[in-house]
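Following: one structure in structure tokens, then a few remarks.
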Amino acid sequence: MKDNEMAKPNQATNRRQFLKQAATSVGVVATASIVPASVLGANAPSNRINVGLIGCGHQSQRIVPAFLVHDDMQMVAVCDVNRSGIGYYYPEQVLGRETAQRWVNEHYATKTRSGKFDGCHAYLDFRELLARADIDAVAIVVPDHWHALIAIAAMKAGKDVYCEKPLSLTIDQGRQMVNATGKYNRIFQTGAQFRSSPNVRHACELVRNGRLGKIHTVRTWVAPNSFEGPGPNWKPMPVPAGFDYDFWLGPAPEAAYHIERCFHRWRYILDYSNGQTANYGAHTNDIAQWGLGMDGTTPIEFEDNGSEFPPAGSLFTAASKTAFRARYADGIELLCETRNSAATKFEGSEGRLEITLGGSLKTFPENIKDSVIGPNEIHLPRSNPAREENVRDLIDADHVRNFLDAVKSREEPIEPVQYGHSSASLCILGNIAQRVKRKFDWDPVAERSTDNEVNELLTRPMRAPWALPS
Ligand SMILES: NC(=O)c1ccc[n+]([C@@H]2O[C@H](COP(=O)([O-])OP(=O)(O)OC[C@H]3O[C@@H](n4cnc5c(N)ncnc54)[C@H](O)[C@@H]3O)[C@@H](O)[C@H]2O)c1
């Protein structure tokens, strides 16, 4: 396959469906030699979900264990344009396809009698991974400028998708991801895992059930940039061996290599991201949307509120200080800004509630937080109904569990693509307000403003030959 050619749609029968049908029909006799006798067992091949991981960087260290903890899935392939950890800033981190492959194989080796396993394959090109008919689902853990292209290609190839937050780089890309999920009838989980946090859910249930009275304001906080980055005099650097930089850039504009551009810190550069506004905002604004019951829509007005950007010519171009305000159709005001720690605070006529991403819940008056939600009140979905404790690693695993259950049941997961799209849209529009530095209106149904400069920022050209699959 040529480098930039999209994978052909996978016409092959869904592997698990095939095995299931074979096992429950006379076909099981005819195919006994290829369907093991254990096929009817709980974790038989017919029930096991084969997963491919695309993107083996910083966040994959959370995602890989969050998948591997579940015995009804197998990670059969990993993919990264980076061969191994060269160029990264935490030497001990799992980075690059060969490192991730080793990690996964070592995990499965502990489960075999021989203590050996080499069944996880490593790919540089995601299209080769997507071309494998035995892969049911993919976890997309690449920078944001790749989300839409890889997710849509994966769904077109018949895969269900777990895609990291923020859902997309642009409003238009997010809309196309929503459309593709419907068109290809796929399961799509947005990787905003705090929806699987018991404390976040309790906080949102308190808000939804009126414990704070009528909500008038929501404050969402995003953490500051962790790095300042090179200033306007930055100099290009040689590309490290084993790193396919042109592939990493993909649909983004041509640009000279610098280590701070690619590894993890791409999130401070507008070509690949919408900065911390969308990075942390994809969590704290997502919690605001959940608590307010605004999934599937967004505010109708956005305005800059004193954001700041790095000096012209700097490598980092995204807001160094987030500050925007937005207004929902019912008048609720949302104020998003940089603070030392990321949190969401709801303010109502009867009280206030603050929930951090660490799961710490404070209410004013204090006793609101201990209020029990009655059987006839609003209960929000739970990824793992048995889970009470708010432990970060369990949240990640439960969010993945919810995805795997949805893959099997074909029911919507806890954060389907259209919710991920509305939360990401809120952040993207906040970022646009920070860039254009004026107030604009927004129609959440038409996904257009009456401000044409804003409309021009809803999409971005893709560097040829890359394009979203049609
Ligand atoms: N849910 C969370 O709490 C959370 C936390 C951190 C990051 N994230 C998200 O995870 C995603 C990845 O972020 P990260 O911090 O791991 O970034 P990273 O730069 O550390 O890792 C991204 C990896 O993707 C690889 N990559 C880039 N383009 C690729 C392509 N076309 N095909 C295959 N591999 C490719 C890179 O080489 C790199 O190894 C982002 O969307 C980010 O927002 C989510």
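The values are calculated or read from the model by the stated rules, or taken from the named source; none is laboratory data. Note that the structure is predicted; figures quoted are calculated from it, not measured. When we count neighbours, we look across all protein chains shown, and the Cβ atoms used for this are built from the backbone with ideal geometry, even at glycine. Side chains included, ligands, DNA and RNA excluded: accessible areas come from the protein's heavy atoms. Shrake-Rupley method; radii C 1.70, N 1.55, O 1.52, S 1.80 Å.
What the table shows:
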{"read-out": "List Val445, Val64, ordered by accessible area with a 1.4 Å probe, largest first", "value": "Val445, Val64"}
{"read-out": "Ala241/Asn340 FRET efficiency (R0 30 Å; Cβ-Cβ; nearest 0.05)", "value": "0.20"}
{"read-out": "Stretch gain in nm, segment Glu106-Asp393, where the contour uses 0.36 nm per residue and the Cα spacing is subtracted", "value": "101.3 nm"}
{"read-out": "For the chain, accessible area per residue (1.4 Å probe, heavy atoms of protein chains only), Å²", "value": "41 Å²"}
{"read-out": "Volume per residue of the C-alpha convex hull in the stretch 200-282, rounded to whole Å³", "value": "152 Å³"}
{"read-out": "Along principal axes, Cα extents of the stretch 110-227, largest first, whole Å", "value": "58, 41, 37"}
{"read-out": "For Met73, residues with placed amide H under 5 Å, excluding near neighbours", "value": "Ile49"}
{"read-out": "List Arg175, Arg463, Arg448, ordered by accessible area with a 1.4 Å probe, largest first", "value": "Arg448, Arg175, Arg463"}
{"read-out": "Kirkwood estimate for the stretch 37-195, i.e. one over the average of 1/r between Cα atoms, Å", "value": "16.1 Å"}
{"read-out": "Amide proton proximity set for Ile215, modelled H, under 5 Å, gap of 5+", "value": "Ser349"}
{"read-out": "Semi-axis lengths, Å, the chain, gyration tensor of Cα atoms, sqrt of 5 times eigenvalues", "value": "36, 29, 21"}
{"read-out": "Calculated [θ] (222 nm, deg cm²/dmol) that DSSP helices of n ≥ 4 give over the chain, each run adding -39,500 (n - 2.57)", "value": "-9000 deg cm²/dmol"}
{"read-out": "Share of carbon and sulfur in the accessible heavy-atom surface of the chain [1.4 Å probe, %]", "value": "51 percent"}
{"read-out": "HN-Hα J in Hz across the stretch 417-422 - Karplus 6.51, -1.76, 1.60, θ = phi - 60°, x for Gly and Pro", "value": "3, 5, 6, x, 5, 5"}
{"read-out": "With all protein chains modelled, accessible area of Val239 [1.4 Å, Å²]", "value": "70 Å²"}
{"read-out": "Euclidean distance between Cα centres, the stretch 335-378 to the stretch 233-310, Å", "value": "28 Å"}
